[in-house]
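The values are calculated or read from the model by the stated rules, or taken from the named source; none is laboratory data. Just so you know, these numbers come straight off a predicted model, no measurement behind them. Neighbour counts are summed over all protein chains in view; Cβ atoms, including those assigned to glycine, are modelled from backbone coordinates with ideal geometry. Accessible surface is based on the protein model in full, side chains and every heavy atom, while ligands, DNA and RNA are left aside. Shrake-Rupley method; radii C 1.70, N 1.55, O 1.52, S 1.80 Å.
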Amino acid sequence: MDKEDWQFYVIPDLITWANPREYGKSTEIEHYNSFDEAKERFEELLSEAYNSETVLDDYGQPAARLTLGVEKSAAAFDILHVRGGENVLVEDFTRDETYSADSSLLAAIRKTAAEIGFDKVNSYPILENGKRGMPAFVPFDKWATEHPQYNLSGEVAKTVPFYDKPLEYARESGEIGEWRESMRETERCATAIAKLVAENHDGFHLATEKIIEGAVREFGTERVTTALASTIQNKDWDGRFSQKNREWANGITVTKDTLERININAHSALLDGVVKDYREFLIALEKNLAEKQGLSNNNTERSAENLNGGTIMADHNTTFEVSSMLKIDDGGKTKALANIVINGEIAVNNVKVMEGKNGLNVVMPSKLVGNEYVDTAHTTTTEAYTQLKDAVMTNYDKLIASGENTLKNDLGFDKNKPAVSEIKATLHPVEHETVKASGSVKIDDCFVINDVKVIKPKDADKPEFVSMPSYANAKGGYTEVSLPITTAMHDKIDNVVIEGAYKHLEKVEYKGVKYNELGDKNAGEITGTSKLNNKFAETLMKELDKAGVTYQARVGSKSGTVISVNIADKPKLDEIQKSLVKALNPEKEEKRQSAPSQEKKPPKRGKH
């Protein structure tokens, strides 16, 4: 290896390396010739309990423990500190113009970002006087975006989950953040498609395969489908889109708020060619998946163009069976109502067989939210959709052939069978007298039940329980849309939702004044601390109260406390915070002052 190439080092515990007398032990620096060797050792040490401890440093932040760095000749930089269980980028490399422009050093940091990952950056803001202020943790994605010269954001861009529900539902369910993030990503997708169309059209030939490949690789089929369908639906006056493309687009459910925001700014004739080939791309994708799973081509083509993308089921033998079906003969579009059973232990009621533009279709139970109907339960993969649809349509054919109004199947129901479905729960807290959380349950990574709630009875002695989605029936009561039908599955859902998801939710409270009382955030009048240990922050707030400093504190049960103040009060906040750290750690401060300086790393002691 070239002697001038950057090599890597790992310090298992920086706090004991820097303060051996105080902690009664010394940690050695381990040197490695390659990133892969250093990464292997880093990941081996990452699970050690001390990496999640919140021993505070002089700034009231979790101290740096496990460390990854780079070195070349006389230069050495720590690039990653583990602090309180989070991976923090060390921005020391930015302080030297030579090294901050070193392509091989930046490549090493990008590789670390891509393969290990950073959660935050320990950033020292530059003040008006040119000096650096108190350090504060900022999200890595935000910092990387604000420092594009280092090109660290491109390789670590996170996947934004696709949110397919309307704005009204997001507001009602407390999911406005998810809706907003997904909408911004879909807007970015529409912009990217327009750019790909411009870049891959030479005036004579349109390279649709490159456009489709680039868009799907970055955004996935769900988001690309939504962007294309929204654009065509918005241009119902535009005759440059073929009838087949228009029928395909109209078959995609696009929310009203998406239609208002998503429109690809590209020539309609060019976009029509992209959509034509994209439809074929979807069918080819579904056929490839079907060949892997042994599905018939006819069934695949029947479902492919009505899906917003999706993937095959994971390693589960998920079954969808129809327990009963009722024929509806009132002249309307609904032809039958089916009750299905998943894996013999979870029932989903009121699945509809409906007449659509292209014939009969299977429609999942839904509820009206604002002006939009939102599925209460639905499949999330192509294979699951196809399997469920085939089960429903096969039984519908049997019902019609029988000449009867109802069909019932004996599925060999066993109330005492052990639970076999994999259950995952996602919740968000709700501020309500009895409803404490709301969210969804996912079955075998292929089927989702929404509107699952955690209810706390008014009687304080009674425990929380899980409420499955339901609707008001004609008798004045409620009928559950979906519910567990075996004892073991009932217990499993309760355990996953209550013990697993609900009891691990972040609990947040606010102390002090309202945030807008501190000043104008957009004018840069509000600043604050990084996340602090809650006990330390509680003591700090008492000192701020004594000093008459106005603040707002966001106290998270898991994430810690952030204290915000008007920028004019920041020097006072920093002064109180620093003096409090010294007061709470007198022995540590005394030992540090008496110990010899150990700022420089010891010389290498041979390659590891």
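A few remarks follow.
- The residues in region 328-349 that are more than 32 Å from the chain's Cα centre (by Cα) and on the phi > 0 side of the Ramachandran plot can be counted, and the count is 1.
- Being crowded, with 16+ Cβ neighbours inside 10 Å and in contact with a Gly (Cβ under 8 Å, 6 or more places away or on another chain) holds for only one residue in 231, 221, and it is 221.
- Here residue 489 fulfils each of the conditions (1) within 30 Å of residue 125 (Cα to Cα); (2) assigned to a helix (DSSP H, G or I) apart from (1).
- Residue within region 95-102 that is in a helix (DSSP H, G or I), open to solvent by less than 20 Å² (accessible area, probe 1.4 Å) and β-branched (Val, Ile, Thr) present: no
- Check on residue 479, farther than 24 Å from residue 350 by Cβ, over 18 Å from the mean Cα position of the chain (by Cα), among the polar types (S, T, N, Q) and open to solvent by less than 50 Å² (accessible area, probe 1.4 Å): no
- If you go through region 522-550 and keep only what is open to solvent by 60 Å² or more (accessible area, probe 1.4 Å), in a helix (DSSP H, G or I) and under 19 Å from residue 134 (Cα atoms), you end up with just 543.
- Scan of region 505-521 for residues that are open to solvent by 40 Å² or more (accessible area, probe 1.4 Å), touching a residue at least 40 places away in the same chain (Cβ under 8 Å) and farther than 17 Å from residue 570 by Cβ, ordered by number: 506, 507, 508, 509, 510, 511
- Some residue of region 381-404 being under 25 Å from residue 167 (Cα atoms), surrounded by 14 or more Cβ atoms within 10 Å (Cβ to Cβ) and at pLDDT 90 or above: no
- Taken over region 442-474, the criterion of being small (Gly, Ala, Ser), surrounded by 11 or more Cβ atoms within 10 Å (Cβ to Cβ) and closer than 21 Å to residue 505 by Cα is satisfied by 467 alone.
- Only one of the numbered conditions (1) part of a helix (DSSP H, G or I); (2) of a type in the set (Gly, Ala, Ser); (3) modelled with pLDDT under 85; (4) over 28 Å from residue 360 (Cβ atoms) is violated by residue 284, and that is (4).
- The condition of being closer than 30 Å to residue 228 by Cβ, in contact with a helix residue (DSSP H, G or I) (Cβ under 9 Å, 6 or more places away or on another chain) and in contact (Cβ under 8 Å) with a residue 12 or more places away in the chain holds for only one of 106, 152, 206, that being 206.
- When residues of region 1-40 are limited to those that are touching a residue at least 40 places away in the same chain (Cβ under 8 Å) and under 29 Å from the mean Cα position of the chain (by Cα), the one least open to solvent (accessible area, probe 1.4 Å): 35
- Evaluation of residue 563 against the conditions (1) outside any helix (DSSP H, G or I); (2) in contact with a Ser or Thr (Cβ under 9 Å, 6 or more places away or on another chain); (3) more than 20 Å from residue 57 (Cβ to Cβ) shows that the sole unmet condition is (3).
- Of all residues in region 114-126 being surrounded by fewer than 21 Cβ atoms within 10 Å (Cβ to Cβ) and free of Cβ contacts under 8 Å to residues at least 60 places away in the same chain, the one that is nearest to residue 75 (Cα to Cα): 124
- Scoring residue 559 on the criteria (1) modelled with pLDDT under 80; (2) surrounded by 12 or more Cβ atoms within 10 Å (Cβ to Cβ); (3) over 25 Å from the mean Cα position of the chain (by Cα); (4) not acidic (Asp, Glu) leaves a single failure, condition (3).
- Test set (1) in a helix (DSSP H, G or I); (2) open to solvent by 20 Å² or more (accessible area, probe 1.4 Å); (3) at pLDDT below 85 - residue 236 fails condition number: (1)
- Filter result for the condition that a residue is modelled with pLDDT under 90, under 24 Å from the mean Cα position of the chain (by Cα) and either of a type in the set (A, V, I, L, M, F, W, C) or surrounded by 21 or more Cβ atoms within 10 Å (Cβ to Cβ) (or both), over 215, 190: 215
- Residue 421 surrounded by 11 or more Cβ atoms within 10 Å (Cβ to Cβ), at pLDDT 90 or above and small (Gly, Ala, Ser): yes
- Selection over region 104-132 of residues that are at pLDDT below 85, charged (D, E, K, R) and assigned to a loop (DSSP other than H, G, I, E, B) gives a count of 2.
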